[in-house]
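S.K.: There's a structure below that I have some questions on.
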Amino acid sequence: MKRKLFKSFMLLTLAALFLAPVMQSCKSSKKVSNNDEVEVAVYCSGPEFFSDNEYFRANNIGESSTQSMAKKKALSNARLDLAASIETQVKAVIDNYFQSYSSGDAIEDKERYEGLSREVINQELSGIRTKCEKFTKTANGSYKCYVAIELAGEEILNGMKNRISDDDKLRTDFEYEKFKKVFKEEMESQKGQ
């Protein structure tokens, strides 16, 4: 009798040990309100993936029936976000630089700087690095790819310097150290965005 009782106790204990993780995994979503909403984990996202004073960063998600296409979609979307962020930042740098340091025919020069900046951004995007990449498979069998990418602000700054140096008209009025100072100030202001 004791042996049967002990055997039953052991089976129940083992069953509980095996079922506990299964039951716990069923509760991986967390209710966040009374409206039956659940918190969703978004990979490659959060403060460590925000732009800071050294790097421009962007993240995005792609979904497809194949892993490779999910990754292509995620990278394409992240590149678009990164390019838009860099372009906005560089435009602010150019605006501030011309307000503070430019002389002469500022409007024409400013337009030329902006045109060069777009060329530099498109060229430098080939140098992006993947900071995070995760794949998941959905219940319907499709793949999701989560990515975070980054590009050093220094690469954009050097690209601008090189392109401006190649332009005879802009090179004569360009003050690199002042431009760099404004650029660094703008990079500092974007921390946490």
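S.K.: Please verify whether Ala148 is in contact with a strand residue (DSSP E or B) (Cβ under 7 Å, 6 or more places away or on another chain), over 30 Å from Thr66 (Cα atoms) and touching a residue at least 40 places away in the same chain (Cβ under 8 Å), treating the condition exactly as stated.
M.R.: Judged against the criteria, Ala148 is not a match.
S.K.: Here's another thing I want to ask about it. Take the conditions closer than 20 Å to Tyr55 by Cα and over 26 Å from the mean Cα position of the chain (by Cα) and apply them to Glu133. Does it pass?
M.R.: On the way: closer than 20 Å to Tyr55 by Cα: yes; over 26 Å from the mean Cα position of the chain (by Cα): no.
Against the criterion (closer than 20 Å to Tyr55 by Cα and over 26 Å from the mean Cα position of the chain (by Cα)), Glu133 does not qualify.
S.K.: Further, regarding this structure: I need the helices (runs of 4 or more DSSP H) fully contained in the stretch 107-193, keeping only those with at least 2 residues that are of a type in the set (A, V, I, L, M, F, W, C).
M.R.: Working: elements: 153-165, 168-173, 176-189.
Where helices (runs of 4 or more DSSP H) fall fully within the stretch 107-193 and carry at least 2 residues being of a type in the set (A, V, I, L, M, F, W, C), they are 153-165, 176-189.
S.K.: Now, a different point. Pairs please, first residue from the stretch 51-62 and of a type in the set (Ser, Thr, Tyr), second anywhere and surrounded by fewer than 19 Cβ atoms within 10 Å (Cβ to Cβ) and part of a strand (DSSP E or B), Cβ atoms under 7 Å, 6+ apart in sequence or on different chains.
M.R.: Qualifying pairs under 7 Å: Tyr55/Ala152.
S.K.: Looking at the stretch 103-111, can you tell me whether even one residue there is out of contact with any Ser or Thr (no Cβ under 7 Å at 6 or more places or on another chain) and in contact (Cβ under 8 Å) with a residue 60 or more places away in the chain?
M.R.: Initially, the stretch 103-111 is screened for residues out of contact with any Ser or Thr (no Cβ under 7 Å at 6 or more places or on another chain), giving 103-108, 110-111.
Among the residues that remain, those that are also in contact (Cβ under 8 Å) with a residue 60 or more places away in the chain are: 103-104.
Among the residues of the stretch 103-111, at least one is out of contact with any Ser or Thr (no Cβ under 7 Å at 6 or more places or on another chain) and in contact (Cβ under 8 Å) with a residue 60 or more places away in the chain, which makes the answer yes.
S.K.: Can you tell me which of Arg112, Arg118, Arg129, Arg79 is at pLDDT 80 or above and within 30 Å of Asp168 (Cβ to Cβ)? Before the answer, list the steps.
M.R.: On the way: Arg112 fails: at pLDDT 80 or above; Arg129 fails: within 30 Å of Asp168 (Cβ to Cβ); Arg79 fails: within 30 Å of Asp168 (Cβ to Cβ).
Only one candidate qualifies: Arg118.
S.K.: Now for a separate question. What tally of residues in the stretch 161-187 results from selecting those that are more than 13 Å from Tyr97 (Cα to Cα), out of contact with any Asp or Glu (no Cβ under 9 Å at 6 or more places or on another chain) and not small (Gly, Ala, Ser)?
M.R.: Of all residues in the stretch 161-187, those more than 13 Å from Tyr97 (Cα to Cα) come to 161-172, 187.
Checking which are out of contact with any Asp or Glu (no Cβ under 9 Å at 6 or more places or on another chain) leaves us with 161-162, 164-168, 171-172.
Now narrow it down to the ones that are not small (Gly, Ala, Ser): 161-162, 164, 166-168, 171-172.
Residues meeting the conditions: 8.
S.K.: Sticking with this structure for a sec: Kindly list the number of the only condition in (1) more than 18 Å from the chain's Cα centre (by Cα); (2) among the small types (Gly, Ala, Ser); (3) within 13 Å of Val93 (Cα to Cα) that fails for Gly153.
M.R.: Every listed condition holds for Gly153 apart from (1).
S.K.: If you take the residues in the stretch 130-141 that are surrounded by 10 or more Cβ atoms within 10 Å (Cβ to Cβ) and not polar (S, T, N, Q), which one is farthest from Ser45 (Cα to Cα)?
M.R.: Once the filter is applied, the top-ranked residue is Lys137.
The values are calculated or read from the model by the stated rules, or taken from the named source; none is laboratory data. From a predicted model like this one, the values you see are computed outputs, not experimental measurements. A quick note on method: Cβ atoms are made from the backbone with ideal geometry, for glycine too, and the neighbour counts reach across all protein chains shown.
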